[in-house]
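Note sheet for the following structure.
The values are calculated or read from the model by the stated rules, or taken from the named source; none is laboratory data. Please read these numbers as outputs of a predicted model, since none were measured by experiment. Cβ: placed from backbone, ideal geometry, glycine included. Neighbour counts: every protein chain shown.
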Ligand code: HEC
(Lines give C-alpha, C1' and ligand atoms only; values in the text may rest on other atoms or scores of the structure.)
Protein backbone atom coordinates (compact mmCIF):
# COMPACT_ATOMS: atom_id res chain seq x y z
CA UNK A 1 0.00 0.00 0.00
CA UNK A 2 2.69 2.39 1.10
CA UNK A 3 4.88 1.64 -1.90
CA UNK A 4 2.04 1.96 -4.35
CA UNK A 5 1.25 5.40 -3.06
CA UNK A 6 4.88 6.43 -3.24
CA UNK A 7 5.02 5.24 -6.84
CA UNK A 8 1.92 7.19 -7.71
CA UNK A 9 3.38 10.27 -6.16
CA UNK A 10 6.59 9.79 -8.10
CA UNK A 11 4.76 9.39 -11.42
CA UNK A 12 2.58 12.40 -10.72
CA UNK A 13 5.64 14.42 -9.83
CA UNK A 14 7.38 13.43 -13.03
CA UNK A 15 4.32 14.28 -15.12
CA UNK A 16 3.98 17.66 -13.48
CA UNK A 17 7.62 18.42 -14.17
CA UNK A 18 7.19 17.35 -17.78
CA UNK A 19 4.16 19.57 -18.34
CA UNK A 20 5.73 22.53 -16.60
CA UNK A 21 8.80 22.14 -18.74
CA UNK A 22 6.61 21.86 -21.86
CA UNK A 23 4.69 24.94 -20.93
CA UNK A 24 7.85 26.89 -20.41
CA UNK A 25 9.46 25.74 -23.59
CA UNK A 26 6.66 25.54 -26.10
CA UNK A 27 3.64 27.62 -25.09
CA UNK A 28 3.80 31.42 -25.45
CA UNK A 29 3.38 33.31 -22.18
CA UNK A 30 0.04 35.10 -21.74
CA UNK A 31 0.53 38.89 -21.96
CA UNK A 32 1.52 40.33 -18.58
CA UNK A 33 -1.06 42.57 -16.88
CA UNK A 34 -0.04 46.20 -17.31
CA UNK A 35 1.53 47.57 -14.16
CA UNK A 36 0.53 51.19 -13.45
CA UNK A 37 3.64 53.35 -13.46
CA UNK A 38 4.24 56.78 -12.00
CA UNK A 39 4.97 59.34 -14.70
CA UNK A 40 6.42 62.86 -14.58
CA UNK A 41 3.58 64.37 -16.64
CA UNK A 42 -0.11 63.57 -16.76
CA UNK A 43 -0.13 61.25 -19.77
CA UNK A 44 -3.39 60.79 -21.67
CA UNK A 45 -3.43 57.52 -23.61
CA UNK A 46 -5.71 57.06 -26.59
CA UNK A 47 -8.66 54.80 -25.76
CA UNK A 48 -11.31 53.14 -27.91
CA UNK A 49 -13.87 52.77 -25.08
CA UNK A 50 -14.85 55.80 -23.01
CA UNK A 51 -13.72 55.20 -19.38
CA UNK A 52 -16.67 56.92 -17.71
CA UNK A 53 -17.11 54.82 -14.61
CA UNK A 54 -14.90 55.07 -11.55
CA UNK A 55 -14.26 51.31 -11.65
CA UNK A 56 -13.39 51.16 -15.35
CA UNK A 57 -10.45 48.80 -15.97
CA UNK A 58 -8.63 51.59 -17.79
CA UNK A 59 -8.28 53.64 -14.59
CA UNK A 60 -7.08 50.61 -12.63
CA UNK A 61 -4.17 50.03 -15.00
CA UNK A 62 -3.41 53.54 -16.23
CA UNK A 63 -0.11 55.26 -15.51
CA UNK A 64 -0.47 58.05 -13.01
CA UNK A 65 0.87 61.40 -11.94
CA UNK A 66 1.33 62.09 -8.23
CA UNK A 67 0.58 65.76 -7.72
CA UNK A 68 2.57 67.37 -4.89
CA UNK A 69 0.56 69.98 -3.01
CA UNK A 70 1.61 73.20 -1.32
CA UNK A 71 -0.16 76.25 0.11
CA UNK A 72 -1.71 78.35 -2.66
CA UNK A 73 -3.85 80.74 -0.64
CA UNK A 74 -4.58 80.89 3.06
CA UNK A 75 -5.85 83.24 5.74
CA UNK A 76 -8.85 84.45 3.68
CA UNK A 77 -12.30 84.98 5.18
CA UNK A 78 -15.70 85.71 3.65
CA UNK A 79 -17.64 88.99 4.15
CA UNK A 80 -20.09 89.65 6.99
CA UNK A 81 -22.67 86.96 7.67
CA UNK A 82 -20.85 84.14 5.83
CA UNK A 83 -19.71 81.84 8.61
CA UNK A 84 -17.75 78.63 9.06
CA UNK A 85 -16.85 78.56 5.38
CA UNK A 86 -13.05 78.45 5.56
CA UNK A 87 -11.99 74.92 6.51
CA UNK A 88 -8.67 75.37 4.65
CA UNK A 89 -7.89 78.65 6.46
CA UNK A 90 -4.39 77.51 7.48
CA UNK A 91 -3.68 75.83 4.13
CA UNK A 92 -1.85 72.49 4.31
CA UNK A 93 -2.17 72.20 8.08
CA UNK A 94 -5.97 72.63 7.88
CA UNK A 95 -6.64 70.55 4.77
CA UNK A 96 -7.55 66.98 5.70
CA UNK A 97 -6.46 67.86 9.26
CA UNK A 98 -2.91 68.28 8.04
CA UNK A 99 -2.54 64.77 6.56
CA UNK A 100 -1.17 64.50 3.00
CA UNK A 101 -4.15 64.19 0.59
CA UNK A 102 -1.97 62.03 -1.75
CA UNK A 103 -3.36 63.45 -4.98
CA UNK A 104 -3.21 61.17 -7.99
CA UNK A 105 -4.28 62.03 -11.54
CA UNK A 106 -4.78 59.88 -14.63
CA UNK A 107 -5.94 60.78 -18.13
CA UNK A 108 -7.26 59.36 -21.41
CA UNK A 109 -8.60 60.67 -24.69
CA UNK A 110 -10.45 59.42 -27.73
CA UNK A 111 -11.36 61.09 -31.01
CA UNK A 112 -13.78 63.51 -29.37
CA UNK A 113 -13.20 63.73 -25.62
CA UNK A 114 -10.67 64.17 -22.83
CA UNK A 115 -11.13 62.10 -19.63
CA UNK A 116 -9.41 63.15 -16.41
CA UNK A 117 -9.37 61.05 -13.24
CA UNK A 118 -8.51 62.74 -9.94
CA UNK A 119 -8.24 61.02 -6.57
CA UNK A 120 -7.42 62.58 -3.20
CA UNK A 121 -7.83 61.80 0.47
CA UNK A 122 -10.11 63.94 2.58
CA UNK A 123 -11.11 62.06 5.67
CA UNK A 124 -14.29 63.98 6.37
CA UNK A 125 -16.95 64.70 3.81
CA UNK A 126 -18.00 68.30 4.15
CA UNK A 127 -21.65 68.07 3.60
CA UNK A 128 -22.67 69.75 0.48
CA UNK A 129 -24.09 72.79 2.17
CA UNK A 130 -22.55 75.80 0.57
CA UNK A 131 -23.49 79.02 2.36
CA UNK A 132 -26.63 77.32 3.59
CA UNK A 133 -29.22 79.31 5.47
CA UNK A 134 -28.91 78.73 9.14
CA UNK A 135 -30.00 80.27 12.39
CA UNK A 136 -26.58 79.28 13.19
CA UNK A 137 -23.56 79.09 15.38
CA UNK A 138 -20.77 81.68 15.50
CA UNK A 139 -17.54 81.27 13.54
CA UNK A 140 -14.45 80.94 15.77
CA UNK A 141 -12.41 82.79 13.12
CA UNK A 142 -14.82 85.76 12.94
CA UNK A 143 -16.52 88.27 15.20
CA UNK A 144 -19.79 88.53 13.16
CA UNK A 145 -22.98 88.57 15.19
CA UNK A 146 -25.38 85.62 14.97
CA UNK A 147 -29.01 85.26 16.02
CA UNK A 148 -30.80 85.68 12.66
CA UNK A 149 -30.31 84.33 9.14
CA UNK A 150 -26.67 83.63 8.37
CA UNK A 151 -25.02 81.83 5.45
CA UNK A 152 -23.04 78.91 6.76
CA UNK A 153 -20.77 76.07 5.74
CA UNK A 154 -18.88 75.21 2.62
CA UNK A 155 -18.14 72.10 0.61
CA UNK A 156 -15.17 70.14 -0.68
CA UNK A 157 -13.87 71.25 -4.06
CA UNK A 158 -11.41 70.55 -6.83
CA UNK A 159 -10.37 73.11 -9.43
CA UNK A 160 -8.27 72.79 -12.57
CA UNK A 161 -6.90 75.73 -14.56
CA UNK A 162 -5.84 75.73 -18.23
CA UNK A 163 -4.38 78.50 -20.38
CA UNK A 164 -6.89 79.66 -23.01
CA UNK A 165 -5.02 82.60 -24.50
CA UNK A 166 -1.47 83.34 -23.30
CA UNK A 167 -2.40 84.35 -19.78
CA UNK A 168 0.21 86.19 -17.76
CA UNK A 169 0.65 88.25 -14.61
CA UNK A 170 3.61 89.85 -12.86
CA UNK A 171 4.55 86.30 -11.80
CA UNK A 172 5.12 85.30 -15.44
CA UNK A 173 3.29 83.47 -18.22
CA UNK A 174 0.96 80.52 -17.73
CA UNK A 175 3.24 78.46 -19.97
CA UNK A 176 6.05 79.14 -17.50
CA UNK A 177 4.44 79.58 -14.08
CA UNK A 178 1.08 77.83 -14.53
CA UNK A 179 -1.67 79.06 -12.25
CA UNK A 180 0.48 81.85 -10.81
CA UNK A 181 -0.25 83.64 -14.10
CA UNK A 182 -3.92 83.79 -13.13
CA UNK A 183 -3.26 85.51 -9.83
CA UNK A 184 -3.14 89.29 -10.05
CA UNK A 185 -3.95 92.07 -7.57
CA UNK A 186 -4.63 89.30 -5.05
CA UNK A 187 -7.54 88.08 -7.19
CA UNK A 188 -8.04 85.05 -9.34
CA UNK A 189 -7.43 86.91 -12.61
CA UNK A 190 -4.51 87.28 -15.05
CA UNK A 191 -3.16 90.69 -16.12
CA UNK A 192 -3.49 89.67 -19.78
CA UNK A 193 -5.00 86.70 -21.62
CA UNK A 194 -7.56 84.27 -20.21
CA UNK A 195 -7.68 81.08 -18.14
CA UNK A 196 -10.22 78.25 -18.18
CA UNK A 197 -11.33 77.08 -14.69
CA UNK A 198 -13.04 73.72 -14.18
CA UNK A 199 -14.49 73.51 -10.70
CA UNK A 200 -15.92 70.31 -9.24
CA UNK A 201 -17.85 71.09 -6.13
CA UNK A 202 -19.64 68.71 -3.82
CA UNK A 203 -22.48 71.12 -3.13
CA UNK A 204 -23.36 72.52 -6.49
CA UNK A 205 -21.79 70.73 -9.44
CA UNK A 206 -21.56 67.09 -8.38
CA UNK A 207 -25.26 66.48 -7.70
CA UNK A 208 -26.26 67.05 -11.34
CA UNK A 209 -23.09 65.49 -12.78
CA UNK A 210 -21.17 68.47 -14.12
CA UNK A 211 -18.22 70.64 -13.19
CA UNK A 212 -18.79 74.38 -13.07
CA UNK A 213 -17.11 75.86 -16.14
CA UNK A 214 -15.60 79.30 -15.54
CA UNK A 215 -13.22 81.72 -17.20
CA UNK A 216 -11.00 84.41 -15.76
CA UNK A 217 -9.42 87.34 -17.63
CA UNK A 218 -8.28 90.85 -16.61
CA UNK A 219 -11.90 91.76 -15.82
CA UNK A 220 -12.31 88.91 -13.30
CA UNK A 221 -13.61 85.40 -12.74
CA UNK A 222 -17.05 84.61 -14.21
CA UNK A 223 -19.11 81.60 -15.18
CA UNK A 224 -19.02 80.53 -18.83
CA UNK A 225 -21.86 81.58 -21.15
CA UNK A 226 -25.20 79.75 -20.91
CA UNK A 227 -27.28 78.68 -17.91
CA UNK A 228 -25.11 78.18 -14.84
CA UNK A 229 -25.56 75.02 -12.78
CA UNK A 230 -26.38 76.72 -9.48
CA UNK A 231 -28.07 79.91 -8.40
CA UNK A 232 -27.69 81.50 -4.98
CA UNK A 233 -30.84 80.76 -3.02
CA UNK A 234 -31.58 84.22 -1.68
CA UNK A 235 -34.15 86.94 -2.05
CA UNK A 236 -33.01 89.24 -4.84
CA UNK A 237 -32.23 92.26 -2.67
CA UNK A 238 -30.69 90.26 0.13
CA UNK A 239 -27.20 89.47 1.34
CA UNK A 240 -25.69 86.79 3.56
CA UNK A 241 -28.31 87.69 6.16
CA UNK A 242 -31.43 88.14 4.04
CA UNK A 243 -33.43 84.89 3.86
CA UNK A 244 -33.67 81.90 1.56
CA UNK A 245 -35.93 82.31 -1.45
CA UNK A 246 -36.82 78.63 -1.91
CA UNK A 247 -37.11 75.39 0.01
CA UNK A 248 -37.64 71.74 -0.92
CA UNK A 249 -41.19 71.09 -2.15
CA UNK A 250 -41.37 67.56 -0.69
CA UNK A 251 -41.21 65.62 -3.99
CA UNK A 252 -38.47 63.08 -4.77
CA UNK A 253 -35.58 64.89 -6.49
CA UNK A 254 -34.90 62.51 -9.35
CA UNK A 255 -32.42 63.55 -12.00
CA UNK A 256 -30.77 62.00 -15.05
CA UNK A 257 -27.11 62.99 -15.19
CA UNK A 258 -25.25 63.58 -18.47
CA UNK A 259 -23.72 60.08 -18.36
CA UNK A 260 -27.29 58.75 -18.58
CA UNK A 261 -27.44 57.48 -14.99
CA UNK A 262 -30.34 58.45 -12.73
CA UNK A 263 -29.90 59.71 -9.23
CA UNK A 264 -32.15 60.90 -6.42
CA UNK A 265 -30.79 63.89 -4.53
CA UNK A 266 -30.82 64.15 -0.74
CA UNK A 267 -33.00 67.18 0.08
CA UNK A 268 -30.96 67.82 3.24
CA UNK A 269 -28.14 69.08 1.04
CA UNK A 270 -29.40 69.63 -2.50
CA UNK A 271 -32.25 71.82 -3.71
CA UNK A 272 -33.70 70.91 -7.09
CA UNK A 273 -37.48 70.58 -6.65
CA UNK A 274 -38.33 73.83 -4.99
CA UNK A 275 -41.14 76.01 -3.75
CA UNK A 276 -41.15 79.53 -2.28
CA UNK A 277 -39.80 79.83 1.26
CA UNK A 278 -42.33 81.60 3.49
CA UNK A 279 -42.47 82.72 7.10
CA UNK A 280 -40.79 85.21 9.36
CA UNK A 281 -37.81 83.80 11.25
CA UNK A 282 -38.05 86.24 14.18
CA UNK A 283 -41.77 85.63 14.74
CA UNK A 284 -41.11 81.89 14.48
CA UNK A 285 -38.38 82.23 17.12
CA UNK A 286 -40.94 83.77 19.53
CA UNK A 287 -43.55 81.08 18.86
CA UNK A 288 -40.97 78.31 19.25
CA UNK A 289 -39.99 79.67 22.67
CA UNK A 290 -43.54 80.56 23.81
CA UNK A 291 -43.90 79.98 27.53
CA UNK A 292 -47.12 77.96 27.16
CA UNK A 293 -47.00 76.18 23.82
CA UNK A 294 -43.33 76.47 22.78
CA UNK A 295 -41.75 73.47 21.05
CA UNK A 296 -38.55 74.17 23.03
CA UNK A 297 -40.12 72.40 26.02
CA UNK A 298 -39.19 69.08 24.42
CA UNK A 299 -37.20 69.89 21.27
CA UNK A 300 -34.72 72.10 23.17
CA UNK A 301 -34.04 75.84 23.29
CA UNK A 302 -31.65 75.67 20.34
CA UNK A 303 -33.25 72.64 18.71
CA UNK A 304 -30.79 70.24 20.31
CA UNK A 305 -33.52 67.74 21.24
CA UNK A 306 -33.57 68.13 25.04
CA UNK A 307 -36.04 70.47 26.72
CA UNK A 308 -37.34 71.09 30.22
CA UNK A 309 -40.23 68.61 29.70
CA UNK A 310 -38.48 65.85 27.90
CA UNK A 311 -36.53 64.74 24.87
CA UNK A 312 -37.61 64.90 21.24
CA UNK A 313 -36.15 64.98 17.76
CA UNK A 314 -33.22 67.41 17.33
CA UNK A 315 -34.31 70.00 14.78
CA UNK A 316 -30.80 71.46 14.70
CA UNK A 317 -29.36 68.82 12.40
CA UNK A 318 -29.01 69.07 8.65
CA UNK A 319 -30.39 65.59 8.13
CA UNK A 320 -33.73 66.70 9.60
CA UNK A 321 -34.58 68.28 6.26
CA UNK A 322 -34.17 64.95 4.45
CA UNK A 323 -37.47 63.73 5.76
CA UNK A 324 -39.60 66.73 6.52
CA UNK A 325 -41.11 69.04 3.96
CA UNK A 326 -43.20 71.95 5.25
CA UNK A 327 -46.45 70.06 4.61
CA UNK A 328 -45.23 66.98 6.48
CA UNK A 329 -44.04 69.04 9.49
CA UNK A 330 -47.55 70.51 9.73
CA UNK A 331 -49.34 67.19 9.45
CA UNK A 332 -47.03 65.37 11.89
CA UNK A 333 -47.13 68.18 14.48
CA UNK A 334 -50.93 67.91 14.73
CA UNK A 335 -51.02 64.10 14.58
CA UNK A 336 -52.31 62.09 17.55
CA UNK A 337 -48.99 60.18 17.63
CA UNK A 338 -47.04 63.36 18.34
CA UNK A 339 -46.45 63.99 22.05
CA UNK A 340 -46.38 67.70 21.35
CA UNK A 341 -49.81 67.76 19.66
CA UNK A 342 -51.36 69.87 22.47
CA UNK A 343 -48.63 72.45 22.00
CA UNK A 344 -49.06 72.64 18.24
CA UNK A 345 -52.83 72.96 18.61
CA UNK A 346 -52.34 76.19 20.59
CA UNK A 347 -50.07 77.81 17.98
CA UNK A 348 -52.09 80.48 16.10
CA UNK A 349 -52.47 79.07 12.55
CA UNK A 350 -51.37 82.44 11.18
CA UNK A 351 -47.94 81.71 12.72
CA UNK A 352 -47.52 78.12 11.48
CA UNK A 353 -45.27 79.21 8.63
CA UNK A 354 -43.21 81.52 10.86
CA UNK A 355 -42.63 78.64 13.28
CA UNK A 356 -41.60 76.29 10.47
CA UNK A 357 -39.29 78.97 9.01
CA UNK A 358 -37.52 78.96 12.38
CA UNK A 359 -37.43 75.15 12.67
CA UNK A 360 -36.02 74.90 9.14
CA UNK A 361 -33.51 77.60 10.01
CA UNK A 362 -32.24 75.40 12.85
CA UNK A 363 -31.67 72.56 10.41
CA UNK A 364 -30.38 74.58 7.41
CA UNK A 365 -31.69 75.22 3.91
CA UNK A 366 -29.36 74.81 0.91
CA UNK A 367 -27.59 78.04 -0.06
CA UNK A 368 -27.90 77.30 -3.79
CA UNK A 369 -30.54 75.73 -5.99
CA UNK A 370 -29.61 73.60 -8.94
CA UNK A 371 -30.41 73.99 -12.62
CA UNK A 372 -29.52 71.93 -15.66
CA UNK A 373 -26.69 73.91 -17.26
CA UNK A 374 -26.78 74.87 -20.94
CA UNK A 375 -24.39 76.23 -23.56
CA UNK A 376 -20.75 76.68 -22.65
CA UNK A 377 -21.66 76.13 -18.96
CA UNK A 378 -22.58 72.51 -19.72
CA UNK A 379 -19.32 71.34 -21.33
CA UNK A 380 -17.77 69.42 -18.46
CA UNK A 381 -19.45 66.33 -17.02
CA UNK A 382 -18.46 64.68 -13.81
CA UNK A 383 -18.70 61.19 -12.40
CA UNK A 384 -17.71 60.50 -8.80
CA UNK A 385 -17.78 58.04 -5.93
CA UNK A 386 -19.99 60.29 -3.77
CA UNK A 387 -23.38 59.04 -2.58
CA UNK A 388 -25.97 61.70 -3.36
CA UNK A 389 -29.18 60.02 -2.29
CA UNK A 390 -28.50 60.06 1.40
CA UNK A 391 -25.35 61.98 2.17
CA UNK A 392 -23.75 60.42 5.21
CA UNK A 393 -21.74 62.87 7.23
CA UNK A 394 -21.30 60.54 10.17
CA UNK A 395 -19.59 57.48 8.66
CA UNK A 396 -15.90 58.14 8.02
CA UNK A 397 -15.18 59.28 4.49
CA UNK A 398 -11.80 58.42 3.01
CA UNK A 399 -11.14 59.24 -0.59
CA UNK A 400 -12.68 61.31 -3.37
CA UNK A 401 -12.58 59.81 -6.85
CA UNK A 402 -13.75 62.10 -9.62
CA UNK A 403 -13.75 61.81 -13.42
CA UNK A 404 -14.15 64.94 -15.52
CA UNK A 405 -15.09 64.58 -19.20
CA UNK A 406 -14.92 67.32 -21.82
CA UNK A 407 -15.01 67.55 -25.60
CA UNK A 408 -11.51 68.15 -26.95
CA UNK A 409 -12.86 71.12 -28.85
CA UNK A 410 -15.96 73.12 -27.94
CA UNK A 411 -15.63 76.13 -30.24
CA UNK A 412 -16.46 78.42 -27.29
CA UNK A 413 -14.15 81.39 -26.68
CA UNK A 414 -14.40 80.82 -22.89
CA UNK A 415 -12.88 77.30 -23.15
CA UNK A 416 -9.42 75.88 -23.83
CA UNK A 417 -9.38 73.97 -27.14
CA UNK A 418 -7.43 70.72 -27.47
CA UNK A 419 -7.38 70.77 -31.27
CA UNK A 420 -5.66 67.67 -32.79
CA UNK A 421 -3.87 67.23 -29.47
CA UNK A 422 -1.89 64.07 -30.29
CA UNK A 423 1.73 64.61 -29.25
CA UNK A 424 1.01 68.02 -27.73
CA UNK A 425 1.42 69.17 -24.11
CA UNK A 426 -0.64 71.63 -22.10
CA UNK A 427 0.30 73.21 -18.76
CA UNK A 428 -2.39 73.19 -16.06
CA UNK A 429 -2.80 73.96 -12.37
CA UNK A 430 -4.72 72.05 -9.73
CA UNK A 431 -6.27 73.21 -6.44
CA UNK A 432 -8.14 71.48 -3.63
CA UNK A 433 -10.40 72.95 -0.97
CA UNK A 434 -11.58 71.28 2.21
CA UNK A 435 -14.80 72.93 3.35
CA UNK A 436 -13.67 76.14 1.71
CA UNK A 437 -14.05 78.24 -1.43
CA UNK A 438 -11.26 80.76 -0.95
CA UNK A 439 -8.31 79.08 0.74
CA UNK A 440 -6.74 76.28 -1.25
CA UNK A 441 -3.78 74.00 -1.54
CA UNK A 442 -2.51 72.50 -4.78
CA UNK A 443 0.06 72.66 -7.52
CA UNK A 444 0.66 75.71 -9.72
CA UNK A 445 1.93 73.87 -12.75
CA UNK A 446 1.72 70.35 -14.08
CA UNK A 447 1.78 69.14 -17.69
CA UNK A 448 -0.91 67.20 -19.55
CA UNK A 449 0.53 65.28 -22.51
CA UNK A 450 -1.49 63.49 -25.20
CA UNK A 451 0.40 60.32 -26.12
CA UNK A 452 0.43 59.11 -29.72
CA UNK A 453 -2.52 56.92 -30.73
C1 LIG B 1 -44.20 67.28 25.07
C2 LIG B 1 -43.03 67.16 24.28
C3 LIG B 1 -43.09 67.76 22.89
C4 LIG B 1 -43.38 69.03 22.53
C5 LIG B 1 -43.70 70.20 23.43
C6 LIG B 1 -43.26 69.11 21.10
N7 LIG B 1 -42.91 67.89 20.59
FE8 LIG B 1 -42.55 67.47 18.67
N9 LIG B 1 -41.95 65.58 19.17
C10 LIG B 1 -41.96 65.09 20.47
C11 LIG B 1 -41.38 63.76 20.44
C12 LIG B 1 -41.17 62.86 21.65
C13 LIG B 1 -41.06 63.49 19.10
C14 LIG B 1 -40.44 62.22 18.53
C15 LIG B 1 -41.56 61.42 17.94
C16 LIG B 1 -41.14 60.13 17.32
O17 LIG B 1 -39.95 59.85 17.23
O18 LIG B 1 -42.04 59.41 16.90
C19 LIG B 1 -41.43 64.66 18.33
C20 LIG B 1 -41.29 64.75 16.98
C21 LIG B 1 -41.67 65.86 16.23
C22 LIG B 1 -41.57 65.95 14.80
C23 LIG B 1 -41.10 64.83 13.89
C24 LIG B 1 -39.59 64.84 13.82
C25 LIG B 1 -39.00 63.46 13.57
O26 LIG B 1 -38.08 63.38 12.77
O27 LIG B 1 -39.41 62.50 14.23
C28 LIG B 1 -42.03 67.17 14.43
C29 LIG B 1 -42.15 67.71 13.02
C30 LIG B 1 -42.41 67.85 15.64
N31 LIG B 1 -42.16 67.04 16.70
C32 LIG B 1 -42.92 69.14 15.68
C33 LIG B 1 -43.17 69.82 16.86
C34 LIG B 1 -43.55 71.20 16.91
C35 LIG B 1 -43.76 72.09 15.70
C36 LIG B 1 -43.71 71.53 18.22
C37 LIG B 1 -44.10 72.85 18.81
C38 LIG B 1 -45.39 73.35 18.45
C39 LIG B 1 -43.43 70.32 18.99
N40 LIG B 1 -43.08 69.32 18.13
C41 LIG B 1 -43.49 70.25 20.36
C42 LIG B 1 -42.36 65.73 21.59
C43 LIG B 1 -42.76 67.05 21.66
Problem set entry | Wholly enclosed strands (runs of 3 or more DSSP E) of the range 50-116 bearing at least 3 residues crowded, with 21+ Cβ neighbours inside 10 Å and more than 19 Å from the chain's Cα centre (by Cα) | 103-109
Seminar exercise, completed: Note: among 335, 301, just one is farther than 20 Å from residue 132 by Cβ, part of a loop (DSSP other than H, G, I, E, B), within 10 Å of the ligand (Cβ to nearest atom) and more than 21 Å from the chain's Cα centre (by Cα), namely 335
For this session: Only residues that are touching a helix residue (DSSP H, G or I) at 6+ places or on another chain (Cβ under 7 Å) and either surrounded by fewer than 24 Cβ atoms within 10 Å (Cβ to Cβ) or over 22 Å from residue 115 (Cβ atoms) (or both): list them for the range 201-223, please.
Result: 216, 223
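This table checks each residue for (1) outside the structural domain of residue 74 (by TED's automatic domain parsing); (2) in a loop (DSSP other than H, G, I, E, B); (3) in contact (Cβ under 8 Å) with a residue 60 or more places away in the chain; (4) farther than 21 Å from residue 270 by Cβ.
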position: 190; (1), (2), (3), (4): no, yes, no, yes
position: 196; (1), (2), (3), (4): no, no, yes, yes
position: 199; (1), (2), (3), (4): no, no, no, no
position: 213; (1), (2), (3), (4): no, no, yes, no
position: 222; (1), (2), (3), (4): no, no, no, yes
position: 235; (1), (2), (3), (4): yes, yes, no, no
position: 240; (1), (2), (3), (4): yes, yes, yes, no
position: 243; (1), (2), (3), (4): yes, yes, yes, no
Problem set entry | Residue count for the range 278-289, restricted to those that are surrounded by fewer than 17 Cβ atoms within 10 Å (Cβ to Cβ) and within 12 Å of the ligand (Cβ to nearest atom) | 1
Exercise. Taking interchain pairs and intrachain pairs at least six residues apart, which have beta carbon atoms under 8 angstrom, with the first residue in the range 275-301 and under 18 Å from residue 338 (Cα atoms) and the second part of a strand (DSSP E or B)?
Worked result: 298/311; 300/306
Problem set entry | Of all residues in the range 305-325 being more than 9 Å from the ligand (Cβ to nearest atom) and out of contact with any helix residue (DSSP H, G or I) (no Cβ under 9 Å at 6 or more places or on another chain), the one that is modelled with the lowest pLDDT | 322
